[in-house]
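Input: a single structure, listed below in structure tokens.
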Number of protein chains: 2
Amino acid sequence: MGDWNRRATLSAFGASLAAAGVARAQSGPGDMRINAARLKATLIGLSAFGRPEGGDFSAGVSRYAYSEADLAGRAYAIGLIRAAGATPRIDAAGNIWARREGRVPDLKPLAVGSHIDSVPHGGNFDGALGSMAAIEILRTLNAENVTLRHPLEVVLWSNEEGGTIGSGLAAGILPPQATLDVVMNGIRRREGLKRIGGDPDHIADARLAKGSLAAYLELHIEQSDLLEKAAVDIGVVDGIVAIDEYDIDIVGVANHAGTTPMADRRNALLAAARLIEAVQEEVTRLPGQQVGTVGQIEASPNVRNIVPGRVRMSLELRDLDAAKIAEIATRIRKRAEAIAASTGTEIAISATDRDPPALTDPRLQKVFEASAAALGLSTLHLPSGAGHDAASMSAICPMAMIFVPSVGGVSHSPRELTTWEDCARGADVLLQSLLRADRMAI
Amino acid sequence: MGDWNRRATLSAFGASLAAAGVARAQSGPGDMRINAARLKATLIGLSAFGRPEGGDFSAGVSRYAYSEADLAGRAYAIGLIRAAGATPRIDAAGNIWARREGRVPDLKPLAVGSHIDSVPHGGNFDGALGSMAAIEILRTLNAENVTLRHPLEVVLWSNEEGGTIGSGLAAGILPPQATLDVVMNGIRRREGLKRIGGDPDHIADARLAKGSLAAYLELHIEQSDLLEKAAVDIGVVDGIVAIDEYDIDIVGVANHAGTTPMADRRNALLAAARLIEAVQEEVTRLPGQQVGTVGQIEASPNVRNIVPGRVRMSLELRDLDAAKIAEIATRIRKRAEAIAASTGTEIAISATDRDPPALTDPRLQKVFEASAAALGLSTLHLPSGAGHDAASMSAICPMAMIFVPSVGGVSHSPRELTTWEDCARGADVLLQSLLRADRMAI
């Protein structure tokens, strides 16, 4: 029995909702709730696809994009959509869409969704929760016999973990040729797309026109432990951080570790060490939530008894404020100049990728806050340090996201865990916010 | 045409020796000189074996132990020994010996030699110079019709670059089973030994009894640029440094680079960076010629967007004074404790190998000094930061070494270069020192 099961059984879950004072005395849109048991059942159902052989729910999933497990998970989701009376369609980028018509002509659709692919050796909640919650909202609206003013689009984006590929292609923010020729987890995306019913040769057909959606809302697990530490129910996301990527190349001179005096060395690894410390100092020098990471390092010739002649390493900087991380990069470049001089090396820092920040819509943030408050749930504003499909959608329409707590902040791991109570709370806030947004002029 | 050729042609070489005042007016042992042209010819001859296809002398050699090139180089050397009227024999450790009898009964042999294997992509002088000089001394003694008091043993050690394997086995300082099962450059030593005429099943037959040689003398290139910088002809080696090897294992927590706040990270690569800087500081804190090197580093998972959870790296410390590097290691361990605490990581530093220092014999140092002075050559005392077969021999008999300058201090590279003048000077000092040692009661 996994952690998930010890922490929250379904019966305990019902009791805790009651204890939280969620009453159903009156009838009205504010009283509408998703079916928590049904949501849990579909999350468990989805977890069967990509689960390691012989494992239980706690073993997590390897359901990376275009794999057999991804195909099976998508088929499962398509079945749920059909069972909810909607007609799934797959766009050229492999995204699964399901439309529920609205009652006011000419209003643009509201969209809710997430992704069902996972990283290799990932967990049961990242993407899966937002996806199953979106489908659960379809079912709830059916059960309550409610037709929104706007059409509703449920969308399950393809290949989020590869770098928000499905949503990025739909938003037109990825160069299709370069994107589709990448091989990841042993599968070229072009071939992968064909497998899942996409059409790489007509990828432009997946493009959404700017302004073609009224809004996009997404529920996701937090992937950090700010909510858990603060004992808060719902995170209202201020935005998805800008990510600036750099390659660092340090060239010194490889030389015999026994015969080269310390003073004569041009040690690329010593320069790398000083630069890693400088990154730490420059990132933490300013207040705020910015992060900077050297995650990858390769030394050459990487032999015990040779002074390293060359080191290549990665640098990424993230913050909601793109100017702030640009300033940090400038400071790091200055530090690198001094380090190169002190070590007799040459240091080149090349920008390789720049994802702008995706700020969430302030009106929709307020909608999330009001819905949570009405449900008796506490909220906290926070940035998303991870990328999400919602960031792609910000190029097309107003966008907003909420997070529910991750136990221990763990994600991208079989140990990834969000309690069933928190899953249901997030889905209820998403549903209520959708109903509120539907009444707004957006 | 390579550098070597531009720098020193044979005709210029003769002229420079004349300019150095090397006169042959008198006749006597002090006037005996090796044949510089013959030495050069055999060094060029040996360089053909392992030379990259289509390259010239300046392309260096890949003549690593037990390779086809090593076999061919050994056959060439054996041919030279036979041509010098000696009978080569190969011991169980693959070392090639050639004996020239002495005239005083019961004196133990004086030995001179080096190795002819190279590192992959190595140069034409490391080992080759000392080996060809030893054979040239055989030829010179023949030409001058001189019989020494002691027997003379010329020895070409097998597999020096793998870690003085041939000499280490002969000296009995390597554990044969563990040593012979190592695979390097794709060849298991046990199989390699069979290829070159050794006998891995009777490796103890290669053992030299302690005291079985009167002395061992070796000429080698410097592999650093102290002699070149000081414009000195001959380096008299004080000893071969102690080498202490450590493995460092740093365990932190791998986590999402976007969602893990800086303050919550347990970043193994940041700890590694601080430790690399600490090694630099602790090694250079004390005066002296000690060196310390982190040459190898592996981070895990080594992905751009994950905080590194684990780093493994190497550390080696070298100095003539074993106590000094032990003290430096103690200081590094203390620094590691503080770094582990500051980064939330665990750092384990494990000693994996300890080569004691090999001090050269003071009487033989004086012999080298006197011989050089008599030849009008300047000398400088220095330690050897690199390991040498002579270090193995120090377990058996009095041992001493001289170095000749390496242009730019380059070694283990095709660019390795010692001028032909310096090659001849070194061989002449070796010959004269052998003659002087032969007259001593050692």
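Proximity of backbone amide H atoms, modeled 1.01 Å from N, is registered between A:D238 and A:L382, A:S384 at under 5 Å, excluding neighbours fewer than 5 places apart on the same chain. Largest first, the extents of the alpha carbon coordinates of the protein assembly as shown on the three principal axes equal 123, 49, 47 Å.
Please list the non-local residues whose amide H lies under 5 Å from the amide H of B:V146, H modeled 1.01 Å from N, same-chain partners needing a gap of 5 or more. Counting only residues 5 or more places away or on other chains, the set is empty.
For chain A, the relative contact order comes to 23 percent (Cα pairs under 8 Å, sequence separation of at least 6).
The residues of chain B expose on average 37 square angstrom of accessible surface per residue, using a 1.4 Å probe on protein heavy atoms. When the Cα atoms of region A:247-311 are aligned to their principal axes, the ranges along those axes come out at 47, 22, 16 Å in descending order. Pull up the cross-link candidates among the lysines for B:K210, meaning alpha carbon to alpha carbon under 19 Å and not fewer than 8 places away within one chain. Candidates past the 8-residue exclusion: B:K108. For the protein assembly as shown, the carbon plus sulfur part of the accessible surface works out to 52%, probe radius 1.4 Å.
Mind checking the angle between helix A:10-19 and chain A's longest principal axis? C-alpha axes, 0 to 90 degrees, to the nearest 10. Around 80 degrees separate the two axes.
For A:A441, what is the net charge nearby, where nearby means another residue's Cβ is under 11 Å from its Cβ and Lys, Arg count +1, Asp, Glu -1? Result for the local shell: +2. Converting the Cα gyration tensor eigenvalues of chain A into ellipsoid dimensions via √(5λ) gives semi-axes, longest first, of 43, 23, 22 Å. Label-point distances for A:E346 to the equivalent site in the other copies, using a point 7 angstrom along Cα→C-beta, read 4.3 nm when ranked shortest first.
Report summary: the helix-based calculation at 222 nm, which adds -39500 (n - 2.57) for every DSSP H run with n ≥ 4 and divides by the residues of the protein assembly as shown, gives -11500 deg cm²/dmol. Among residues of chain B, the one whose beta-carbon sits closest to the B-to-A rotation axis is listed with its distance in Å as B:A273, 2.
On alpha-carbon atoms, Rg over Rh for region B:76-227 using Kirkwood Rh? Mind dumping the intermediate values first?
Working: Rg = 15.7 Å, Rh = 16.1 Å.
Reported Rg/Rh (Cα atoms, Kirkwood Rh): 0.97.
Name the most mobile residue of A:S114, A:S342, A:S394, meaning the one with the largest mean-square fluctuation, in a Gaussian network model of chain A with Cα contacts below 10 Å. Taking springs between Cα atoms under 10 Å, the residue moving most is A:S342. Set against the 2.2 N^0.38 Å expectation for a compact globular protein, region B:288-342 has a Cα radius of gyration ratio of 1.43.
Starting from the label point of B:Q289 at 7 Å along Cα→Cβ, the same points in the other copies fall at 5.8 nm, in ascending order.
Distance from the C-alpha centroid of region B:277-347 to that of region A:363-442: 45 Å, rounded to the whole angstrom. Within a straight-line Cα-Cα reach of under 21 Å, B:K324 can be paired with the following lysines, leaving aside sequence neighbours fewer than 8 residues apart in one chain: B:K334.
Relative to the longest principal axis of the Cα atoms of chain A, the long axis of helix A:268-285 makes an angle of roughly 40 degrees. For all pairs of alpha-carbon atoms in region A:215-328, what percent lies in each bin of width 10 Å, listed from the first bin to the last filled one? Over region A:215-328, the share of Cα pairs per 10 Å bin runs 12, 31, 26, 17, 10, 4, 0 percent. Radius of gyration over Kirkwood radius for region A:97-137, both on Cα atoms: the Rg/Rh ratio is 1.14. Our note on the geometry: Cα centres of region A:202-224 and region A:67-115, 12 Å apart. Buried accessible surface for the A/B pair, both sides summed and rounded to the nearest 100, is 4200 Å² with a 1.4 Å probe. B:E68 label point (Cα plus 7 Å toward Cβ) to equivalent points in the other copies: 4.4 nm, shortest first.
Between A:G239, A:G79, A:G55, the residue with the greatest mean-square fluctuation in the GNM of chain A (Cα pairs under 10 Å linked by springs) is A:G55.
Rg then Dmax, both in Å and based on the Cα atoms of region A:286-412: 20.3, 66. Note on region A:47-126: the C-alpha convex hull projects to 6.3 nm² when averaged across all orientations.
The values are calculated or read from the model by the stated rules, or taken from the named source; none is laboratory data. Being a predicted model, the structure only gives us computed values, none of them experimental. Every residue, glycine as well, gets a Cβ built from its backbone with ideal geometry; the counts of neighbours run over all protein chains shown. SASA here: full protein model, heavy atoms, side chains in, ligands and nucleic acids out. Shrake-Rupley method; radii C 1.70, N 1.55, O 1.52, S 1.80 Å.
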